[in-house]
């Protein structure tokens, strides 16, 4: 059996878990780089019976699964993976296994980005590194308005932390009720009010047909010129061209982004160079503890499948 571990950018998969049980039954190959081209992906993965994928870094749609005749198992990190065509896999008898997950790292990164935006942490650190000193004036969070687009498990925790900072918390989503908002100390508002009132507007929705391009140019135009948009959910929830325009024209103060329409972010993308963008490379879940959960569970899932396949 041949097992491929994909997109191990930090080269930590084999040290984050005990793979000895897998290696006693299969050859394990680790790929540290990322491929976008579908033909290149197929050419690389064609020899493997088992694929271990990290979240959605390498999508496995029908067009790829049907070109991998040896594929028999996909070990995916996290409880779900929308980038895998489950129907296509099932039709070909490909077993899919998932792992445990915690949302704590994503919540923490959300607040790291909010604080970095409020206090110009990146700009001030760059000034010191370049030999300079103070170049901007930050903003307090206490008394500011935190707007949440989505108030589920992650959004609710973000709201609680906002209250601890002394912020006024408002929220909206299509299914949100005033009762649910009150339960976490937030005020239910309309979508228009959310964008109009928020000083820091943070997105916490699952990407779906309904949420794709939910944030449009008209919504960004409602925002104050001093407001920041924070997105640690999924890039396509926001119309990318509209956000680039809002940032370029400075109709909003800035955006702190961990997710993008295309990942890795293209080298010539404006988000890499716009001065009012804080961009991180989708690191919301990239922490030691969660990586251990991902890879330990994946190794156990693959070992169990190999045992059953051998038997």
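Below, the figures for the structure above:
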| item | result |
| --- | --- |
| Qualifying positions in segment 14-30 - touching a helix residue (DSSP H, G or I) at 6+ places or on another chain (Cβ under 7 Å) and either surrounded by 15 or more Cβ atoms within 10 Å (Cβ to Cβ) or farther than 22 Å from residue 304 by Cβ (or both) | 16, 17, 19, 21, 22, 25, 26, 28, 30 |
| Selection status of residue 77, buried (at least 20 other Cβ atoms within 10 Å of the Cβ), under 24 Å from the mean Cα position of the chain (by Cα) and closer than 20 Å to residue 297 by Cα | yes |
| Close pairs from segment 135-159: first under 17 Å from residue 215 (Cβ atoms) and outside the structural domain of residue 187 (by TED's automatic domain parsing), partner at pLDDT 95 or above and assigned to a strand (DSSP E or B), Cβ under 8 Å, at least 6 apart | none |
| Residue check for residue 40: at pLDDT 95 or above, over 20 Å from the mean Cα position of the chain (by Cα) and farther than 21 Å from residue 310 by Cα | yes |
| Residue list for segment 1-13, restricted to those being crowded, with 16+ Cβ neighbours inside 10 Å, touching a strand residue (DSSP E or B) at 6+ places or on another chain (Cβ under 8 Å) and outside any strand (DSSP E or B) | 1, 6, 7, 8, 13 |
| Breaking point among (1) without any contact (Cβ under 8 Å) to a residue 40 or more places away in the chain; (2) surrounded by 12 or more Cβ atoms within 10 Å (Cβ to Cβ), for residue 209 | (2) |
| Elements of type helices (runs of 4 or more DSSP H) in segment 85-164, at least 3 residues being over 25 Å from the mean Cα position of the chain (by Cα) and modelled with pLDDT of 95 or more | 121-129 |
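Condition check ((1) under 20 Å from residue 123 (Cβ atoms); (2) outside any loop (DSSP other than H, G, I, E, B); (3) out of contact with any helix residue (DSSP H, G or I) (no Cβ under 6 Å at 6 or more places or on another chain); (4) at pLDDT 95 or above) across all residues:
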| residue | (1), (2), (3), (4) |
| --- | --- |
| 256 | yes, yes, no, yes |
| 259 | no, no, no, yes |
| 267 | no, no, yes, yes |
| 271 | yes, yes, yes, yes |
| 275 | yes, no, yes, yes |
| 278 | yes, yes, no, yes |
| 281 | yes, no, yes, yes |
| 284 | no, no, no, yes |
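Each row is one residue, and each column tells you yes or no for (1) surrounded by fewer than 17 Cβ atoms within 10 Å (Cβ to Cβ); (2) out of contact with any strand residue (DSSP E or B) (no Cβ under 6 Å at 6 or more places or on another chain); (3) under 26 Å from residue 191 (Cβ atoms).
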{"site": "117", "(1), (2), (3)": "no, no, yes"}
{"site": "126", "(1), (2), (3)": "yes, yes, no"}
{"site": "137", "(1), (2), (3)": "yes, yes, no"}
{"site": "145", "(1), (2), (3)": "no, no, yes"}
{"site": "148", "(1), (2), (3)": "no, no, yes"}
{"site": "156", "(1), (2), (3)": "no, yes, yes"}
{"site": "159", "(1), (2), (3)": "no, no, yes"}
{"site": "172", "(1), (2), (3)": "no, yes, yes"}
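The values are calculated or read from the model by the stated rules, or taken from the named source; none is laboratory data. Bear in mind the structure is a predicted one, so any value in this text is a computation, not a measurement. Cβ coordinates were reconstructed from backbone atoms using ideal geometry, including for glycine residues, and neighbour counts include every protein chain displayed.
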